[in-house]
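The values are calculated or read from the model by the stated rules, or taken from the named source; none is laboratory data. None of these values were measured; they are calculated from a predicted model. Using ideal geometry, Cβ is built from the backbone for each residue, glycine included, and neighbour counts are taken over all protein chains shown. Note: areas computed on protein heavy atoms with side chains; ligands, DNA, RNA excluded. Shrake-Rupley method; radii C 1.70, N 1.55, O 1.52, S 1.80 Å.
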Amino acid sequence: MVTAAQDAISQLKKSVPEVGLPSLEPVVVSHLIVAPGPELFQVRQNYTNLSNFGFTTARVSKFDVHFENNTIDMEFTVPKLRIEFDYDYDGKILLVPIKGTGHGQAMHNDTNFIVTFNLEEYQKDGEIFFKVVESKVTLSIKELKVHFENFVPINKGVGLGLSIPADPNKLINDNWRTIFSEVHSDFEKSYAETFTVILNNLLEKVPISELFVIITTINVTIISKKLASSFKKCDRKQDDFNQCLVTAVQDAVRQLEKPFPEVGLPSLEPIETSHLTVAPGPNVFQVQQSYENFNNFGFTTAEVSKFEIISLTRNFYRFQLKELDTPRRFSVNDTNFIVTFYLKEYQKDDETFIKVVESKITLLPEEVELNFGNLVPTVQGTGLGLDNPVDPSNR
């Protein structure tokens with residue numbers, strides 16, 4: 001997810017209007033008012049036309065999506081953030097009265113952003129969408145240097161014992177850490193509002209189901225790197241990505257004639273079930289069934305026809321099997337499996353994992369042939385009007 005987020009941000013030097021994403025070069029804020037600080041920087045700050053350059057160079061260190069409480073936690077650092085703006089200042093710096101109006105520039109080195117988005121679901125056109133309802137940004141800066149044009153003290157260095165006019169730019173640059181500590185909250189709120197608008201533009205156009213496809217696609221790519229080199233990998237930028245996933249899953253399933261213990265995958269030949277109890281049917285097959293050593297052969301011949309994510313909490317895919325053959329027990333031809341997995345995140349060793357919490361399978365066999373050893377009727381053809389014993393397997 002971190003790699004995918006950074007890759008996406010780095011590509012936003014130009015806009016992607018089809019999904020509502022603007023260019024991040026620059027990130028524009030039309031207007032910002034910052035309240036005076038309580039002590040050192042008692043200046044009313046009014047900014048217009050703020051243009052932030054450098055966000056596409058961001059180094060993303062964290063991108064966690066928590067579906068259980070609909071939040072996104074993100075952290076990134078912009079190595080060189082340049083901000084161009086028009087300003088209107090009026091107030092005092094270190095008791096020196098200052099006033100200025102004009103153009104300004106700020107250079108930030110290694111600006112760290114810690115961002116939290118709180119999301120809410122809503123329905124539109126039969127689809128479920130997310131929107132950001134609350135956001136928070138925490139800023140930290142390694143180094144800051146500013147330059148304001150037409151920025152002068154109203155009088156000489158009053159309060160500082162200076163006989164010459166103080167340079168307001170130098171006052172700010174020499175004391176930027178203390179100044180930032182007094183006024184940072186308004187800048188953080190402005191960035192939070194700006195990031196919210198950007199993300200909501202995307203969320204408004206892309207339903208949750210498609211967002212989860214993107215997220216799961218990234219996870220599949222990461223997992224695939226841990227598997228054998230023989231496993232097919234798909235690039236999510238491909239036009240035929242969905243078909244590639246189908247092919248990749250089918251290719252992986254066919255290779256599972258042997259296990260891959262390094263990622264916990266067993267062999268599928270056979271799939272073993274130690275015990276199975278089936279309740280009697282209501283009409284024709286009123287038989288209590290108990291099976292042991294239930295071995296399923298043929299899954300590696302599966303023809304996968306669909307692999308699709310359909311919502312935030314479920315991973316849905318369908319296998320089309322040519323044949324599921326169990327020697328000396330029964331054969332099932334062209335059995336269609338429709339499988340739904342319901343997933344949930346959990347934390348372990350400071351990492352986020354996904355586990356299956358519920359699953360559902362629908363079976364649609366084309367043909368079934370059974371052969372049971374030692375299966376005999378307890379009486380002759382009673383109830384069928386037959387004089388000879390009935391063969392239960394044929395029935």
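Scanning the stretch 180-190 for residues that are open to solvent by less than 20 Å² (accessible area, probe 1.4 Å) and either closer than 16 Å to Val29 by Cα or free of Cβ contacts under 8 Å to residues at least 12 places away in the same chain (or both) yields a single hit, Ser190.
The condition (being touching a residue at least 60 places away in the same chain (Cβ under 8 Å), in contact with a Ser or Thr (Cβ under 9 Å, 6 or more places away or on another chain), farther than 30 Å from Ile208 by Cβ and acidic (Asp, Glu)) is satisfied by just one residue among Glu84, Glu39: Glu39. Could you run through the stretch 36-80 and say how many residues are open to solvent by less than 50 Å² (accessible area, probe 1.4 Å), within 30 Å of Pro153 (Cβ to Cβ) and not in a loop (DSSP other than H, G, I, E, B)? Qualifying residue count for the region: 9.
Contact map, the stretch 91-107: first residue over 30 Å from Pro79 (Cα atoms), second residue open to solvent by 20 Å² or more (accessible area, probe 1.4 Å) and not aliphatic (A, V, I, L, M), Cβ cut-off under 6 Å, separation 6 or more or different chains; pairs are Gly91/Pro36; Gly91/Gln42; Gly91/Arg44; Lys92/Gln42; Leu95/Gly159; Val96/Pro153; Ile98/Pro153; Lys99/Asp90. The lone criterion from (1) modelled with pLDDT of 80 or more; (2) open to solvent by less than 50 Å² (accessible area, probe 1.4 Å) left unmet by Ala228 is number (1).
So is Ile361 at pLDDT 65 or above and surrounded by 14 or more Cβ atoms within 10 Å (Cβ to Cβ) or not? The answer is no for Ile361.
For (1) within 30 Å of the chain's Cα centre (by Cα); (2) in a helix (DSSP H, G or I); (3) at pLDDT 65 or above, each residue gets a yes or a no:
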| position | (1), (2), (3) |
| --- | --- |
| Asn219 | yes, yes, no |
| Ser224 | yes, yes, no |
| Asp239 | yes, no, yes |
| Gln243 | yes, yes, yes |
| Ala248 | yes, yes, yes |
| Arg254 | yes, yes, yes |
| Thr277 | no, no, yes |
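Would you mind stating whether Thr101 is surrounded by 14 or more Cβ atoms within 10 Å (Cβ to Cβ) and touching a Lys or Arg at 6+ places or on another chain (Cβ under 8 Å)? No; evaluated as a whole, the condition is false for this residue.
Close contacts from the stretch 284-303, counting a first residue that is under 24 Å from Pro377 (Cα atoms) and a second that is not in a strand (DSSP E or B), with Cβ to Cβ under 7 Å and a gap of 6+ residues or different chains, come to Gln286/Pro280; Val287/Pro280; Gln288/Pro280.
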